[in-house]
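Here the structure is laid out as structure tokens; the discussion comes afterwards.
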Amino acid sequence: MKIEAGQVAVVTGGTSGIGLALATVLARRGVNVMIADVREDAIPRAVDALSQHSGRVVGVHVDVSVDADVDALADATIERFGRVDLVYNNAGVVCEQAPMWEQRVQSWRWLIDVKLMGVVHGIRTFAPLLIAQGSGHVLNTASVGGLIPLPSLGPYNATMHAVVGLTETLDAELKAVSEHLGATVLCPGLVDTPLGQNSAALVPHGAAATPVSGQTEAMRGAISPLVVAEAAITAVEAGRVHAVVGPGAGLVARGRVEALLADLD
């Protein structure tokens, strides 16, 4: 899918991190962007920051774990822009670090609701719109953690593997409808975003997020969200199902495939 000025993109989790970076890259190209985020107070700042670009940007409050909110997002997008071409299911959170058997049930439910069902809701709501107009693309954020084990982050790891798998299936299903439809899953390595900080602020009662303290050292060597966003757009335009981004990300992905092939023997 060629990204062109005048197209319309929806970006969830669009007020910070990779979401904001992608909205920035798209708005620079003249794409009109509807950014959605559960952090309502962050929306005006994000819209203002993007106002310098040629693409028009509108922000709305959306909780992607609520299907009715995502339906309302689609309605607002069509009402404002008349169409949608790129749907970027990006909203995410991260759990605390602990062995899988020590992870709280509420943390499992929280991550599944946001990181997996948020993507499912975006597909269920927007895919029929793309199919009806005969073109469009879905871009889902996962992680290199959707390709490899991530000890101490079981709920995060599980949802990311699920997003990788469902995106591969979605691409096959969309391409069976039209060659002008498709899906891509973004699998970055460590990215310099406020994911831990945002998660700690949003964590529901009974769940637990990774502590913010010590994040500076942990993020050393992390890549820029803008680099990830540009790579994601390149993958979409090339029609690739996977966008694996970041130093070492390709190596761990290859390692996963090689380990699988070795186990077949």
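Brief remarks follow.
- Beta carbons closer than 8 Å, at least 6 apart along the sequence or on distinct chains, pair a first residue in the range 234-258 that is touching a residue at least 60 places away in the same chain (Cβ under 8 Å) with a second that is basic (Lys, Arg) and in a loop (DSSP other than H, G, I, E, B) for Glu237/Lys2.
- Single residue of Val70, Val62 found to be surrounded by 22 or more Cβ atoms within 10 Å (Cβ to Cβ), in contact (Cβ under 8 Å) with a residue 24 or more places away in the chain and either on the phi > 0 side of the Ramachandran plot or touching a Leu at 6+ places or on another chain (Cβ under 8 Å) (or both): Val62
- Residue list for the range 224-247, filter: outside any helix (DSSP H, G or I) and either closer than 10 Å to Pro188 by Cα or within 15 Å of the chain's Cα centre (by Cα) (or both): Val241, His242, Ala243, Val244, Val245, Gly246, Pro247
- Qualifying residues in the range 86-124 (those that are more than 30 Å from Val31 (Cα to Cα) and of a type in the set (Phe, Trp, Tyr)) - the one nearest to the chain's Cα centre (by Cα): Trp110
- Any hit, the range 24-32, residues being surrounded by fewer than 16 Cβ atoms within 10 Å (Cβ to Cβ) and closer than 19 Å to Gly136 by Cα: yes
- Complete set of residues in the range 89-126 that are of a type in the set (Gly, Ala, Ser) and part of a loop (DSSP other than H, G, I, E, B): Ala91, Gly92
- Where a residue in the range 86-104 is over 22 Å from Ala201 (Cβ atoms) and touching a residue at least 12 places away in the same chain (Cβ under 8 Å) and its partner, wherever it lies, is surrounded by fewer than 16 Cβ atoms within 10 Å (Cβ to Cβ) and polar (S, T, N, Q), with Cβ under 8 Å and at least six apart: Pro99/Ser152
- Residue count for the range 29-54, restricted to those that are acidic (Asp, Glu) and either under 20 Å from Glu79 (Cβ atoms) or within 20 Å of the chain's Cα centre (by Cα) (or both): 2.
- Residue in the range 1-28 that is farthest from the chain's Cα centre (by Cα), counting only those that are part of a strand (DSSP E or B) and under 11 Å from Tyr88 (Cβ atoms): Ala9
- Residues that are touching a Gly at 6+ places or on another chain (Cβ under 6 Å), assigned to a strand (DSSP E or B) and of a type outside the set (Ser, Thr, Tyr) occur in the range 134-150; there is at least one.
- Of all residues making up the range 73-97, the number that are buried (at least 16 other Cβ atoms within 10 Å of the Cβ), of a type in the set (Gly, Ala, Ser) and either at pLDDT below 95 or out of contact with any helix residue (DSSP H, G or I) (no Cβ under 7 Å at 6 or more places or on another chain) (or both): 3
- Counting the residues of the range 162-206 that are part of a loop (DSSP other than H, G, I, E, B) and either touching a residue at least 12 places away in the same chain (Cβ under 8 Å) or in contact with a Phe, Trp or Tyr (Cβ under 8 Å, 6 or more places away or on another chain) (or both) gives 11.
- Residue match in the range 30-43 (condition: in contact with a helix residue (DSSP H, G or I) (Cβ under 6 Å, 6 or more places away or on another chain), assigned to a helix (DSSP H, G or I) and at pLDDT 95 or above): no
- Between Gly136, Gly182, Gly189, Gly165, the distinction of being surrounded by fewer than 22 Cβ atoms within 10 Å (Cβ to Cβ), touching a helix residue (DSSP H, G or I) at 6+ places or on another chain (Cβ under 6 Å) and either over 19 Å from Val252 (Cβ atoms) or not aromatic (Phe, Trp, Tyr) (or both) belongs to Gly189 only.
- Criterion: in a helix (DSSP H, G or I) and either closer than 18 Å to Val33 by Cα or in contact with a Lys or Arg (Cβ under 8 Å, 6 or more places away or on another chain) (or both) - qualifying residue of Ala74, Ala68: Ala74
The values are calculated or read from the model by the stated rules, or taken from the named source; none is laboratory data. Only a predicted model underlies this, so the values are computations on that prediction, with no experimental measurement involved. FYI the Cβ positions are ideal-geometry reconstructions off the backbone, even for glycines, and counts take in every protein chain you see.
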